Amino acid sequence: MIKKINGCTHLIIKNGKVISIHTHLDKYQKENQIKEGVIHLKGDKIYSIEEFKKSHPRDNHELKTTRKKINLGKF
């Protein structure tokens, strides 16, 4: 059965390369309901750095990454 999942994933891109990934997915992180499966993520927006800062003030720390980083919540 396919389940709906809420949230988003941020891919931070600098110089044309993905340098960090940050997940904010409710069932995967908080309820730990998914023990096995595939989470299909569909990109729906591309923000400039300034647009991201304005629309996601609580996530601005993600932009300060200076090396490659993958933040998968509880992993």
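Read-outs throughout are calculated quantities, based only on the coordinates presented, and are distinct from any laboratory measurement. Keep in mind the model is a prediction, meaning the values are calculated, not measured. Using ideal geometry, Cβ is built from the backbone for each residue, glycine included, and neighbour counts are taken over all protein chains shown.
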Task: Simple label model, 7 Å out from Cα along Cβ direction - Glu50 to Asp26, nm - done: 3.3
Open item on the list: Quick one: 3J(HN,Hα) in Hz for region 10-26, Karplus 6.51/-1.76/1.60 with θ = phi - 60°, rounded, Gly and Pro as x.
Closed with: 9, 9, 8, 10, 9, 6, x, 10, 6, 9, 7, 10, 10, 9, 9, 10, 5
